[in-house]
Amino acid sequence: MGRPSGFLDFAKTSNGDVAPEVRITNFDEFHTYLEDKARREQAARCMNCGVPMCQSAIKLAGMVTGCPLHNFIPEWNDALYQGQYDMAAWRLLKTSSFPEFTGRVCPALCEKACNCGNIPCGNADDKEQLGSVTIHDNELYIIEHAFESGYMKPQVPKIRSGKKVAVIGSGPAGLAVADLLNRRGHNVTVYEREDKVGGLLMYGIPNMKLDKKIVDRRVELMKAEGVEFVTNADVGNNVKAEDILKDFDAVALCCGAKKGRPLAAAGADAKGVMFAVDFLTKVTKTVIANEGKSNADLEKALSKNFGIDVAGKDVIVLGGGDTGNDCTGSSIRLGCKSVTQIEMMPCPPVERAANNPWPQWPKVLKTDYGAEESIYKFGHDPRVYKTTIKEVFQKDGKVCGVKTVQVEFRDGKLCEIEGSEKELPADLILIAAGFLGAEDYTMKAFGTEIAPRNTVATAAPDKYKTNVEKVFTAGDMHRGQSLVVWAIAEGRECAREIDEYLMGYSNL
């Protein structure tokens with residue numbers, strides 16, 4: 001710990017955001033960053049705790065807290081404070097495959113477990129000085145400095161094992177598997193069914209949260225290191241699973257959990273009802289294909305190429321999570337007339353409840369960028385709680401409105417509240433109500449057992465080998481819908497298990 005009094009000397013200062021009135025005019029990343037001196041001061045706030053809760057994913061009262069990657073957080077915070085940027089990057093990359101992704105989109109489980117965030121440890125007057133270390137922002141600064149300084153160079157293995165590994169899916173889990181096994185010296189080929197590499201990172205997360213140039217930058221680095229990528233390769237459809245099994249010594253299934261939860265309401269078959277992930281994919285494809293164009297031009301291209309009209313339309317988003325928020329932000333940028341985000345669960349408390357103590361993940365109300373932009377644009381919070389869609393109204397087969405109803409849980413069952421029905425105008429309904437597991441055609445093509453949650457079954461949650469010889473799995477396809485950081489963690493662990501399978505031991 002370079003500065004023992006750092007957490008008292010410097011107030012917590014996080015990266016900022018571009019003002020809503022400015023950022024909604026484009027699909028650019030909207031965070032602002034601290035200068036070097038200020039960032040190093042934030043790193044100085046790390047106390048190098050005797051028990052650093054931030055760096056280990058541990059289970060407390062049924063909830064996991066801390067970093068799933070087991071990042072050496074106090075070490076690289078100290079190196080950053082000292083200005084030892086290469087040392088900081090070296091220690092960060094020891095456990096984290098893609099800090100440039102998690103530094104942008106991870107909800108920072110580490111920060112919620114930070115000892116500095118345990119406010120009751122100080123006096124009332126100290127609260128402004130306390131608050132968790134800005135681990136998430138420090139991580140992003142370290143990796144971006146490493147790219148800018150030239151520290152991030154291709155590391156081509158000096159010796160190849162002669163073993164061939166196929167990775168099916170190029171999301172965060174698949175990329176993590178490929179990265180580690182390539183570094184080990186195996187020959188890795190990644191198959192991606194879309195036209196671009198990245199999976200969820202490319203088409204599931206909007207450009208304003210993760211610029212696709214950042215994904216491309218990492219992919220190009222991996223290519224230079226020897227990883228081969230094959231796009232438009234839908235294994236189980238236009239690429240045969242039996243050919244993959246014949247040509248490779250091991251296979252990792254990392255196809256995600258993209259099977260959306262459908263809307264169970266009368267009239268849900270109307271044109272204009274679509275899954276959020278499909279909407280976000282088409283929006284991102286439009287943004288990429290029309291770089292530099294105005295939002296109005298993007299909306300016209302989206303309408304022309306995909307038949308999705310947003311400008312001047314009333315949009316309903318079903319689901320109050322991150323994906324729903326992304327749909328809200330995207331719809332505002334595309335010029336919607338109104339947006340309403342419907343959430344079945346009750347509004348979370350503003351502060352931690354007594355049964356949700358530190359260092360558990362805080363189940364409290366947060367107002368993310370999409371809601372902030374709606375408040376600016378339309379003058380009100382778009383979120384409606386304890387509500388669901390009961391019926392979709394149609395005109396000529398197209399959505400023209402919805403009937404909502406308030407709901408509550410009684411004896412563990414979701415029940416409607418009598419007399420709470422309400423009608424809302426709607427031209428586009430985006431379903432962001434979670435997922436029902438992986439699309440099963442790839443699992444069936446390889447003959448793997450399917451777990452109850454419609455994921456690939458393995459012997460245990462921390463095991464990655466399937467019932468099929470030389471076939472492994474990782475990420476959402478294994479654990480169900482989760483965070484990018486968990487997908488990367490699973491990909492790394494899966495890579496080690498594959499390496500042991502191929503070589504009889506592993507030094508990963």
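The values are calculated or read from the model by the stated rules, or taken from the named source; none is laboratory data. Here the structure is a predicted model, which is why all the values come from computation and not from measurement. Positions of Cβ are backbone-derived with ideal geometry, glycine not excepted, and every protein chain shown enters the neighbour counts. Note: areas computed on protein heavy atoms with side chains; ligands, DNA, RNA excluded. Shrake-Rupley method; radii C 1.70, N 1.55, O 1.52, S 1.80 Å.
Tabulated data for the structure shown
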read-out: Most positive-pole-ward Cα, Phe446, Ala252, Ala265, against dipole of the chain from beta carbon charges; value: Phe446
read-out: Whether the range 321-421 is rounded, prolate or oblate, judged on the alpha carbon gyration tensor where a/c under 1.5 counts as rounded; value: oblate
read-out: Distance in nm between pseudo-label sites at Asp195 and Tyr505 (7 Å out along the Cβ direction from Cα); value: 4.8 nm
read-out: Cα radius of gyration and Dmax for the chain (Å); value: 23.3, 71
read-out: Value of relative contact order over the range 271-418, rounded to a whole percent, pairs C-alpha under 8 Å and six or more apart; value: 19 percent
read-out: Within the range 400-505, chymotrypsin sites (Phe, Trp or Tyr not before Pro) in DSSP loop having at most 15 other beta-carbon neighbours inside 10 Å; value: Tyr505
read-out: Spin-label proximity, Leu424 to the range 326-358 - amide N less than 18 Å from point 7 Å beyond Cα toward beta carbon; value: 326-348
read-out: Gap separating the Cα centres of the range 1-28 and the range 143-213, nearest whole Å; value: 29 Å
read-out: DSSP-defined antiparallel bridges as percent of all bridges, the chain, nearest 5; value: 45 percent
read-out: Sites Arg160 and Asp381 - FRET efficiency at Förster radius 51 Å, r taken between beta-carbons, to 0.05; value: 0.35
read-out: Residues with amide H under 5 Å from that of Gly320, placed H, sequence gap 5 or more; value: Met344
read-out: J(HN,Hα) series, the range 310-325, from Karplus relation 6.51 cos²θ - 1.76 cosθ + 1.60, nearest Hz, glycine and proline x; value: 10, 4, x, 9, 8, 10, 10, 10, 9, x, x, x, 4, 5, x, 4
read-out: Theoretical ellipticity at 222 nm over the chain - DSSP helices of four or more residues, -39500 (n - 2.57) apiece, nearest 500; value: -10000 deg cm²/dmol
read-out: Histogram of C-alpha separations across the range 275-364, 10 Å bin width, %; value: 16, 40, 22, 15, 8, 0
read-out: Interchain or long-range residues, amide H under 5 Å from Ile450's placed H; value: Ala457
read-out: Nonlocal amide H pairs with Lys163, under 5 Å, H built at 1.01 Å; value: Asn187
read-out: Candidate residues Thr281, Thr458, Thr13: accessible-area rank, largest first, probe 1.4 Å; value: Thr13, Thr458, Thr281
read-out: Table column - 3J(HN,Hα) (Hz), the range 345-362, Karplus curve with 6.51, -1.76, 1.60, x for Gly and Pro; value: 7, x, 5, x, x, 6, 10, 4, 7, 4, 8, 10, x, 4, x, 5, 4, x
read-out: Lysines whose Cα lies under 23 Å from that of Lys363, excluding same-chain neighbours fewer than 8 positions away; value: Lys12, Lys59, Lys112, Lys127, Lys209, Lys386, Lys413
read-out: Inter-label distance for Asp216 and Ile417, nm, one decimal - labels placed 7 Å from Cα along Cα-to-Cβ; value: 4.9 nm
read-out: Rounded if a/c under 1.5, otherwise prolate or oblate - the range 246-320, Cα gyration tensor axes; value: oblate
read-out: Computed lengthening from Trp361 to Ser14, 0.36 nm per intervening residue step minus Cα-Cα distance; value: 123.0 nm
read-out: Area accessible to solvent at Phe229, 1.4 Å probe radius, in Å²; value: 40 Å²
read-out: Rounded to the nearest 10 Å², the accessible area of Cys49 at probe 1.4 Å; value: 40 Å²
read-out: Mean Cα-pair separation over length for the chain, i.e. relative contact order, pairs under 8 Å, 6 or more apart, %; value: 16 percent
read-out: Entries in Lys223/Lys285; Lys258/Lys366; Lys223/Lys271; Lys213/Lys366 that, when Cα-Cα distance is taken, lie over 30 Å; value: Lys223/Lys271
read-out: Theoretical gain in end-to-end length, Ser482 to Asp247 [0.36 nm per residue, Cα-Cα removed]; value: 81.5 nm
read-out: Three-way shape call for the range 137-192 based on the alpha-carbon gyration tensor, with the a/c threshold at 1.5; value: oblate
read-out: Charge dipole (debye, nearest 20) of the chain; +1 at Cβ of Lys and Arg, -1 at Cβ of Asp and Glu; value: 660 debye
read-out: Karplus-derived 3J(HN,Hα), 6.51/-1.76/1.60, for each residue of the range 140-151, Hz, glycine and proline x; value: 5, 4, 4, 6, 5, 5, 5, 5, 5, 7, x, 5
read-out: Stokes-Einstein diffusion coefficient of the range 175-215, Kirkwood radius over Cα pairs, 37 °C, 0.692 mPa s, in µm²/s; value: 286 µm²/s
